[in-house]
Amino acid sequence: MQMNDSQSIPASREQVWAALNDPDVLMQCIPGCQSLEVTGPNEMTATVVFRVGPVKATFGGKVVLSDLDPPNSYRISGEGSGGVAGFAKGGAMVRLEPQGAVVTLLHYDVDAQIGGKLAQLGARLINSTARKLAGEFFASFAEIVGGTSSAAKSSI
Amino acid sequence: MNDMTPTREQRTAALEGMGCKRKRVEDVRFTQGKGNYVDDVKLPGMLHGDFVRSPHPHARVKSINSEEALKVPGVLAVITAETLKTVNLAWMPTLAGDVQMVLADGKVLFQNQEVAFVVATDRYAADDGVNKVVVEYEPLPPLVDPFKSMDPDAPVLREDLAGKTTGAHGPRKHHNHIFEWKVGDKELTDAAFSKAEVAIKEMISYHRTHPSPLETCQCVCSFDKVKGELTIWGTFQAPHVIRTVVSLIAKLPEQKIHVIAPDIGGGFGNKVGAYPGYICAAVASIVTGKPVKWVEDRIENLTATSFARDYHMTTEIAATRDGKVTGLRVHVLADHGAFDACADPSKWPAGFFNIVTGSYDFPTAHLAVDGVYTNKAPGGVAYRCSFRVTEAAYCIERAMDIMAQKLNMDPAELRLKNFIKPEQFPYHSALGWEYDSGDYHTAMRKMMETTGYAALRKEQAEKREAFRRGETREIMGLGVSFFTEIVGAGPSKNCDILGIAMFDSCEIRMHPTGAGIARMGTKSQGQGHETTWAQIIATEIGIPADNIQVEEGNTDTAPYGLGTYGSRSTPVAGAAIAMAARKIKAKAQMIAAYKLEVHEDDLEWDIDGFRVKGLPERTMSMKDICWAAYNSVPPGMEPGLEAVSYYDPPNMTYPFGAYLCVMDIDVDTGVYKVRRFYALDDCGTRINPMIIEGQVHGGLTEAFAIAMGQEIRYDDDGNVVTGSFMDFFMPTAVETPHWETDFTVTPSPHHPIGAKGVGESPNVGGVPAFSNAVNDAFSFLGATHIQMPHDYWRNWKAAKDLGAVA
């Protein structure tokens, strides 16, 4: 599954970059994220409740940040297993483009793979689900980073 | 003769014998919810098993941790390959001469492969236990595309076969190669092509699909430790074969294994093979000392137990300019998945695919089939067809249409020009079969006259003009299909399963009051055997069908038989019934002669008893003979009236038929409408016309499903993406077109009652009819071959690719 888009965020590039590297912000923004713990430099473990169509599962796995080019871009990737529900792995190349002092355009290029029951039952729902999740992520992210309001934790 | 004496017509009608549209006796219980299926079997203390399955299509299994699963209340055991190794059952033999993992042994090779078996006090607990088993996998690159399976750098799937250059069917060319099977005269065929005035070549794919019976595969195994006996209730199309296989692999004496196939909710080939679930349930019962039930769910059925087809057929026909075929050359790439678990007679790695010359008089032909491994579920069963016959029929029927298009000839005319002629039967085909009987021209012409074929072609031409003028967005296709099946496997000279000749059997026992029981080696899964078998006996021995009970499926009571699949029941077991009935009749004649005080030769058969020649009032009914058989047989004769027959057929039977599908397709949406579907079947002698019609309806519906959308599709990562009825097309009454049925009768000359078998013909003939209709609709826009399945999206895509849609 591949997906790319961009999102305008009402904050400076440096602010956005800092937020992108802040586990607390990430945890608040990742839809369904139950926990996110830093385990090493640029490494975290996460628990995420993920749902595609009729399949809902708790995924445990690790998240790695790589190809860091502050404050321009990085790659965030992860893989996790949801037991009988299957597995997911993938990543996103994230690139920041300043649009003036307080606006940053965030480009993302996602490449993800799912397997197991998720793929069997959710195949035709996966793209729309991924788009919806990405939408939720950036809506929360823009709110938190833009400081317009405190982001409500996404509910699944 | 007084008025109360029944007429001969009334006596015949009272028998409800062959030719009678007798209502199905089994439906009395089925329509009242009184069927007895495997899942209805509930034994005291019975446990339930459920599988942990692999989410990966190809991975190394690094560890399996059952600790948490065993803490789930109700979970009693978790069986893994390591457990099975202690009883030497981690792997099992397949019917195709390969071996298959029962539970993942070091590796998984397809998505949803069985990894561990959780046994619990109820199904819910088992499922909870499955969720708690932790399996650590190391994913390996999946091999999904069969065309890449023999690339030099293709991943090694079957590490257990390392270094084995010879398989069950000869040399292996590559680590993912299973077999190569060649038939026919290559030199002669190549020569025909080099001299050909016209030739076509097309890669025709018959996609992977699944028999998908509504009742999934299931069993209950109960091991009695005291007696050392194993009883298995299961959804088995071939119960005796299962008993023998279990005896051989579990090393249990065969008399201590009792296999019972109760009512079965559809089989279509899915229930021929032996599956890990059966082995695991049996082992679990032996381990726990309690009965264990295993019932597949829908996803498991579609994704793990025996798929069908997945044949990729590169097909060439050579012909003269005026349309006489001169040669056929076919290469098949057969995707068998992770293990070769095809359910074919043992010596036939590609089944009877060499029927691919079809109904046509090809002077020469050559066929080569390469079987390969991929990371997909094993199987390759005959889904409502004889072994690989629907693939063959689709191949030749599509290719004939492609040739007709190239020659600018009508497809019906090309077929008529090349049919085997009635006087050529018995006909020896270029690929080695002896066709028993046929009258193809009559059947084809009847189809053309009844449907108004010429007028339909005229209408099509007008519609095409209207389309070109922009007056309509609908295109019309005529799908002609003329198939020859090969069923009734089979003669012991060339058919066996694991060394057992493919005969079948019947035992008839007549009771004193003129009733009786017939026990069979076959097993109905919905075919209506209880109805039709009694009709054969009724006609043969003059006892009303209602007085004959038919019993199948219990290996303790039934004579040994090879079961029901490949339309073999009527050609093989139907013959055994007639032969057993004739033995009864011969003894009855001796009893009647004794009672009537005449010589046997002075008697003649008359509907329901014997009469003295020239003295029609001196008669003895079969009912009275039954009574006499138990109290006053001739001196020296044993009392009783029973017989058994094991019938080894001298040849296969070759049913055929002419089908026409009229279809309209909206190019802008791809939506099709089957305007008309006409199916003429010739299955030889017709035992019960109503059941034949029902069989044809069912087979056509499955053909419609397959051709128009039903598919087991894998994505590039090896995920099954059509693993439920949300995505796997299962037509209901809403989608299913109206069927018109018709027939001709060309009896089989070698079958005792001339019957040929019909249950699968409509699937064999139906699929090419639908596909030819779609292809014919698009042909005037420049299409030569559009691959199945022809769902709305693919139709729209075809229209778009051909430039008919912006």
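Taken together, the values in this text are just the output of simple stated rules run on the coordinates, not laboratory data. As the structure is a prediction and not an experimental result, all values here were calculated from the model. So basically every Cβ, Gly included, is an ideal-geometry build from the backbone, and we count neighbours across all protein chains shown.
Results, tabulated for the structure shown:
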read-out: Whole-Å distance, taken between Cα centres, linking the range A:26-47 and the range B:73-142; value: 33
read-out: Computed over the range A:2-146: relative contact order in percent, which uses C-alpha pairs under 8 Å that are six or more apart; value: 29
read-out: Given B:62/B:225; A:56/A:89; B:493/B:585; B:107/B:225, the pairs whose alpha carbons are separated by over 23 Å; value: B:62/B:225; B:493/B:585; B:107/B:225
read-out: Peptide-level mean, for B:132-140, of C-beta atoms on other protein chains within 10 Å; value: 2
read-out: Simple Cβ-charge dipole of the range B:287-417, Lys/Arg +1 and Asp/Glu -1, about Cα centre, in debye nearest 20; value: 160
read-out: Burial order of peptide ranges B:632-638, B:234-240, A:79-85 (average beta-carbon count within 10 Å, highest first); value: B:234-240, A:79-85, B:632-638
read-out: Separation between Cα centres of the range B:264-306 and the range A:96-111, rounded to whole Å; value: 55
read-out: Sequence-distant lysines (8 or more away, or on other chains) whose Cα lies within less than 17 Å of residue B:182; value: B:173, B:347
read-out: Inter-chain shielding of B:418-428 (mean C-beta neighbours from other protein chains, 10 Å cut-off); value: 0
read-out: Gyration tensor (alpha-carbon) shape descriptor, chain B, a/c threshold 1.5; value: oblate
read-out: Gap separating the Cα centres of the range B:435-454 and the range B:501-558, nearest whole Å; value: 35
read-out: Farthest toward positive dipole pole in the protein assembly as shown [+1 Lys/Arg, -1 Asp/Glu at C-beta], among B:327, B:796, B:440; value: B:440
read-out: Relative compactness, the range A:2-146, computed as alpha-carbon Rg over 2.2 N^0.38 Å; value: 1.03
read-out: Sequence ranges B:505-513, B:762-770, B:316-324, ranked by mean other-Cβ count within 10 angstrom, highest first; value: B:762-770, B:505-513, B:316-324
read-out: Structure-based [θ]222 nm, chain B - -39500 (n - 2.57) summed over DSSP H runs of at least 4, per residue, nearest 500; value: -8500 deg cm²/dmol
read-out: Set of lysines with alpha-carbon distance to residue B:463 below 22 Å, sequence-local pairs under 8 removed; value: B:406, B:673, B:797, B:800
read-out: Within the protein assembly as shown, percent of DSSP bridges classed antiparallel, to nearest 5; value: 85
read-out: Of B:685, B:14, B:697, farthest towards positive along the dipole that unit charges on Lys, Arg, Asp, Glu beta carbons give chain B; value: B:685
read-out: For residues of A:79-87, the mean tally of beta carbons on other chains within 10 Å; value: 4
read-out: Set of aspartates and glutamates with alpha-carbon distance to residue B:417 below 19 Å, sequence-local pairs under 8 removed; value: B:197, B:316, B:322, B:361, B:397, B:401, B:439, B:449
read-out: Net charge dipole size for chain A [Lys, Arg +1 and Asp, Glu -1 on Cβ; Debye, nearest 20]; value: 700
read-out: Cβ-placed point charges (K, R +1; D, E -1), dipole of chain B about Cα centre in debye, nearest 20; value: 320
read-out: Per-peptide average of other Cβ atoms within 10 Å, ordering B:728-740, B:705-717 highest first; value: B:705-717, B:728-740
read-out: Positive-end residue, the range B:108-179 charge dipole about Cα centroid, Cβ charges, pick of B:175, B:157, B:117; value: B:175
